[in-house]
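Laboratory data are not the source of any read-out in this text; all were calculated from the coordinates shown. On a predicted model such as this, the values are computed, not experimentally measured, just so you know. No Cβ is skipped: glycine too gets one built from the backbone with ideal geometry, and neighbour counts run over all protein chains shown.
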Amino acid sequence: MALMQITMIPLGRGVGVGEYIAEIQRKLMVENVTFKLTDMATLIEGEAKDLFTIVEAIYEIPFDNGAVRVVTNISIDDRRDKQVHIGDKTRSVEKRLLK
């Protein structure tokens with residue numbers, strides 16, 4: 001299981017990007033993937049090959065909605081020794097803080 005963090009920054013149509021991001025989130029809902037929107041990125045969990053398919057599914061959305069340029073940053077943490085899910089790392093740190 002892998003975790004992917006993706007940030008897509010549409011450029012060329014003003015400074016607000018909320019509508020672009022909302023369209024991407026709608027697509028993720030339709031694709032029925034586990035994801036979490038954060039203030040700076042979207043986290044998505046799945047098998048690595050499936051994550052690349054998801055990127056392909058959402059990549060054109062900003063362009064289809066009028067963006068003329070999109071800067072995309074992707075980070076993937078692919079752990080093969082155990083299952084990981086969104087929030088596992090945060091919970092692990094929070095438990096350490098309570099000690």
Problem set entry | Straight-distance crosslink candidates among lysines, where the alpha carbon sits under 24 Å from Lys27 and sequence neighbours closer than 8 are dropped | Lys36, Lys49
Seminar exercise, completed: Between Ile9 and Thr34, the FRET efficiency computed from the C-beta separation at R0 = 22 Å comes out, to the nearest 0.05, as 0.40
For this session: Taking the Cβ of Arg79 as the centre, find all other residues whose Cβ is under 14 Å away and add up their charges (Lys, Arg: +1; Asp, Glu: -1).
Result: -3
Problem set entry | Estimated FRET transfer efficiency when R0 is 30 angstrom, pair Glu56-Arg96 (beta carbons, to 0.05) | 0.20
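Net charge within 15 Å of Glu45 by Cβ-Cβ distance, Lys/Arg positive one each and Asp/Glu negative one each, not counting Glu45 itself?
That works out to +1.
Mean shadow of the chain, computed from the convex hull of its alpha carbons, in nm²? Before the final figure, lay out the partial values.
Values: hull surface 28.7 nm².
Hull-based average projected area comes out at 7.2 nm².
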Seminar exercise, completed: Given unit charges at Cβ for Lys, Arg (+) and Asp, Glu (-), the dipole magnitude of the chain about its Cα centre in debye, nearest 20, is 500 debye
